[in-house]
Every structure is written in C-alpha cells, then in structure tokens.
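Heads up: the structure comes next, in structure tokens.
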Amino acid sequence: MATISMKVMPEDLSQVPTGAERIPEPGILVIFGASGDLTKRKLLPALFHLRQASLLPRQFAIVGVARRPLGGEFAADMRAGIVEFGGADAADPILDEFTQHISYYALNFDDPSSYAGLKAELDRIGKEKNIGDSRLFYLATAPEFFAGIIENLGAHGMAQPENGKAAVVIEKPFGHDLDSARQLNHQVNAVFHESQVFRIDHYLGKETVQNLLVFRFANGIFEPVWNRNFIDHVQITVAETLGVEGRGPFYEKAGALRDVVQNHMMELLALVAVEPPASFDADSVRREKLKVWQAIPPIPILNTVRGQYGPGIINGQHVIGYRDEERVSPESGTETFAALRLEIENWRWAGVPFYLRAGKRMKKRATEISIQFKQPPLLIFNRLQQDGPCKGIEPNLLTIRIQPDEGIALRFGTKVPTTPQMSVCPVNMDFDYETVFGKSSANGYERLLLDAMLGDQTLFSHRDGVETTWALYTPILQAWAAKKPEVFPNYFAGSWGPECADHLLEQTGHKWRNDLGRKA
Ligand code: BG6
C-alpha cells in the first residue's frame, strides 16, 4: 500500500502543561520486594525522573525492604540501575543527592515479629529527616506475600497512623481468578480503606494510553463517529517479541490471559469504549470504565483461542520454544498467546466485534489499537472500472500506536494523480509522538508513583473493576484448565500466532491487521 506521511506539529509547545504544580507532601516510600527487577529497572528510575523534574518533596525517603541482608549496597545498586535503565548521567550531581535518600531494611515478609523493627526504623527516618508520619507502602513482592504484609502493616499500626497518612500500592497480578481477587480485596479492605488502596496497572501510566481519553474527548470530530453506526470493528493487539525472560515459574501459573489480557488489555478496551465521564476525577472515570466491563456478556469459549510458541526465528536469531525455557514443564499447557472476540452490549457498541490478541515471541513488538470504519454506503468509483471493483478502496482505519513508535495514523483513500480513471490509493496521515514532543525516557511509572503519592486514584483500579474483569475471564481459564490443548506448541516463535487465531476472525469476515508499526 502506498503511504504518505504528514508531520503534525502542536500549535504552541509552550502551552504544554508541565505538571510542576503537583508536588506531594513529605513522606517515606517503602518498597516491599525491593531486591527484585521492577524496583531497579522501573521504580527507582521513575522516582529519579520525578526528582529531576522537581516533582518530589524536599523531605523524602525511599526504604527498600526485602529478605536479603543487603545493607548499604542496595543504594549503590539502585544508583547503577538508574543509570542503566533510566538513562541518567552517572556524573549527575542530582543523582548523588537522590541516592542519599535511599536506604534498605531486611525483613522476612511473613514473620510478624520483624514488623515492629520496620516501624521503628521508619519512625527514626521520619524524625531524623523531618519527614513526619506519612507513608506509601509499595508491594512489589510475589503475590503470595501481599495479604500477609498488609495484615502485618495493620497489626503494627502502620495502616492507620495517628498523625500522618498511609496508603498502599499493590502490583499485579491482583489475584489469579475471581475468588482469589475477592479474597484479596477483602483482606486489603480489612486493613486499608478503599481510598488508601492503589492497585497498579502500569499500562495506565503510559502517555499514549492516557491520550486515548484526550484524543476522544478533547477533539470534536471523532466522538460523533465513535459508535456502532460508523465503526465496523475494533482490534487490540499486544504483541511482544520477548519470551518469558527467566520468569518461567511465574508464567507457568499465569499464561497470557492472566498476565496481559485480564488487566492491561481490558484497560485499553475500556478507554476505547468508555462514555465521556462527567469529570476527570477518580470516581467518575472508574465508574464509566466499570460500566463498559459490566456490559460485556460472558465470552463463549468458541470465541477464544490459545497458543504456545515453539522454536523459531526472531530478528534473525534462533530462539527456543516455550517448553524448553528454563523452569518450564516440557509438557506445559500454559498459553503464551490468547485471542478472543467479545462484544459490548450497550447502545454505543451493540453488534461491533472487539478482537483482542496478546502473545509472546511474536513477529514484531507492537501494542496497537485499530478502529476500522464502515465502508461508504455506495462505492461510486467501482462503476468507472472496466475490470472489476476499484482495487485501492479500503475502509478508513484509525490506528493508535501505544508502543513502540508511539503515534496515531488515519488511513483514507485518495486519487492517484495523473491516472485517467479514478484510481484510488490508501494513504495515511501519521502523527508521531517523538517527532513532535521529542524522545522521552519516562517508563510510565513516573505518573503512577506521583499520583499515588498525591492520593489521586484516577489511574488505578477499583476493587469492583478488578472483580468484574476477573468474572469475565475466570470461566475461560476454568474451561482451558479442564481441557489440555492437544496441539501445543501451535505457532512458531517469530510468527503472528496460531492459525486458529486467523480462523476466529474469518468466521466474522475479518482479518488481523499484521502491518503494525509506523506507517512512514
Ligand atoms: C507485564 C507482564 O505486566 O507487562 C509481562 O507481566 C509483559 O509479561 C509486560 O511483558 C508488558 O509490558 P510493556 O510495558 O513492556 O508492554
């Protein structure tokens, strides 16, 4: 397909808000599971970016908590992580100053007796640095420790401090099915009020994900056509070229549906489908998203497919199959690919299929949403052609590139110049974030950490939301668990997934879009 690219420039970059007015109150951020990858690769680099942007309070401390006796080497290791994963300059004096705010406390998560020591340590830091009593607890441990940590924080008076504030951020996975999510919600809310709870989904921290609401509700021209009268169908793809990256034991229990579909993809779907909220506050936004999920009828098992990658070639490199990955069963039935068709039964969307697919070891890394519009009611140019229908006419397509090559493209038909007949060719208008706003080193956690420190829950999941999405996927997980797949592995690493995923769309006359990525 011929494509033409148009560069879009913002009217006036000086009007872009910096967010500098949002600085949290003094407090201590306590990260449980701090020796894991997330802290070093994402959380600390994000916190450093906040410090660089002067968005952290002066009186601030970060206390890493984990089982290993790390002591002083923790801060040095985090400093190295900020340079390696956060793009910081190792000689930056702000980095030295920032590192001084980091300390470590060794604790056995499930040993109640060690929490009194943690409390004493936090009180000591709070007094010494004149920070006061506000604490944000970040649970980045394996999920089996969440409930115990929360209970112990409650039992030692850290959840409801007399003077300061307390809140808890809980990483995914939040439960592994409906029952476990309900139970965890119950345990969390027995200690923390819902207004203190921040269930994190890092997709909501991505600029391009937040932009979905801006794109839809800050522009006048899209919303009138954003419905069943004009939209033919919607595709959402989360394709990764990575495999399980040494996380075999975690992934064996998770699989693609739990790992990505129930959370990240449902958030994307909600933002595409949601009604305009009355305002941009946590309650209004979360209430509207919940209505979307509640309007999805049970997904028939026939509308789902699963896959598992075998060996293959990605970017010219040979890669092993899932069953050969470290600490993965050679007979594993875990899906590394999932695809499904669902509908949203409300006035805006009735009858519009939404197709979702997520996979590891796919041909290309791309998270994209594509909205395919209906064809015009009459294709008049077909009448001019001697030799059948005018070939270049394709439906309008709006693609929102969440990552990489973040941007938005709109495909439309145009006349091919100098041809005697009305030959039509599809072209793209393409907005590219990097061209307009420059390259960003942000990883999405900046915004979420800042919001959690500020107490703003808009970009975090509510308990009802988590339970509603689990209610949709639990029957599928149960059906899949009850019947081991016969043909795993069923796709080559480096492909677009199993053939059954193509058949799923063929049934309704559609095709997966596989030309993902920037258009020009
Ligand atoms: C995580 C999953 O939540 O999201 C990973 O556990 C996945 O398996 C990751 O790779 C994808 O996130 P991103 O930001 O790289 O798209």
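The values are calculated or read from the model by the stated rules, or taken from the named source; none is laboratory data. Not measured: the values here are computed from a predicted model. Heads up, the Cβs are rebuilt from the backbone with ideal geometry, glycines too, and the neighbour counts pull from every protein chain shown.
Key figures for this structure:
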item: Within segment 165-180, tally of residues that are crowded, with 21+ Cβ neighbours inside 10 Å, more than 16 Å from the ligand (Cβ to nearest atom) and in contact (Cβ under 8 Å) with a residue 60 or more places away in the chain; result: 1
item: The lone exception for VAL285 - which of (1) away from the ligand (no atom under 11 Å from the Cβ); (2) crowded, with 21+ Cβ neighbours inside 10 Å; (3) under 20 Å from ILE371 (Cα atoms) it fails; result: (3)
item: Residue within segment 141-160 that is in contact with a His (Cβ under 8 Å, 6 or more places away or on another chain) and surrounded by 17 or more Cβ atoms within 10 Å (Cβ to Cβ) present; result: yes
item: All positions within segment 186-216 that are within 21 Å of the chain's Cα centre (by Cα), away from the ligand (no atom under 16 Å from the Cβ) and surrounded by fewer than 21 Cβ atoms within 10 Å (Cβ to Cβ); result: LEU213, VAL214, PHE215, ARG216
item: Subset tally (residues that are crowded, with 16+ Cβ neighbours inside 10 Å and either modelled with pLDDT under 85 or within 30 Å of GLN210 (Cβ to Cβ) (or both)) for segment 401-421; result: 10
item: Residues being assigned to a loop (DSSP other than H, G, I, E, B) and either touching a Leu at 6+ places or on another chain (Cβ under 8 Å) or without any contact (Cβ under 8 Å) to a residue 60 or more places away in the chain (or both) - total across segment 445-481; result: 3
item: Of all residues making up segment 482-502, the number that are surrounded by fewer than 19 Cβ atoms within 10 Å (Cβ to Cβ) and either touching a residue at least 60 places away in the same chain (Cβ under 8 Å) or not assigned by TED's automatic domain parsing to the domain that holds PRO404 (or both); result: 3
item: Enumeration of residues in segment 118-133 that are of a type in the set (Gly, Ala, Ser), surrounded by fewer than 21 Cβ atoms within 10 Å (Cβ to Cβ) and touching a residue at least 12 places away in the same chain (Cβ under 8 Å); result: GLY132
item: Meets criteria (at pLDDT 95 or above and in contact with a Ser or Thr (Cβ under 7 Å, 6 or more places away or on another chain)) for GLY154; result: no
item: Residue satisfying all of: in segment 233-247; part of a loop (DSSP other than H, G, I, E, B) and crowded, with 16+ Cβ neighbours inside 10 Å; nearest to the ligand (Cβ to nearest atom) among these; result: GLU240
item: Residue selected from segment 340-383 under the condition outside any loop (DSSP other than H, G, I, E, B) and surrounded by fewer than 17 Cβ atoms within 10 Å (Cβ to Cβ), by the criterion farthest from the chain's Cα centre (by Cα); result: ARG383
item: Residue within segment 195-208 that is part of a helix (DSSP H, G or I), assigned by TED's automatic domain parsing to the domain that holds MET266 and within 16 Å of ARG348 (Cα to Cα) present; result: no
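Okay, residues lined up against (1) buried (at least 22 other Cβ atoms within 10 Å of the Cβ); (2) of a type in the set (Asp, Glu); (3) more than 16 Å from the ligand (Cβ to nearest atom); (4) at negative phi:
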site	(1), (2), (3), (4)
PRO249	no, no, no, yes
HIS264	yes, no, no, yes
LEU268	yes, no, no, yes
PRO276	no, no, yes, yes
ILE299	no, no, yes, yes
HIS318	no, no, yes, yes
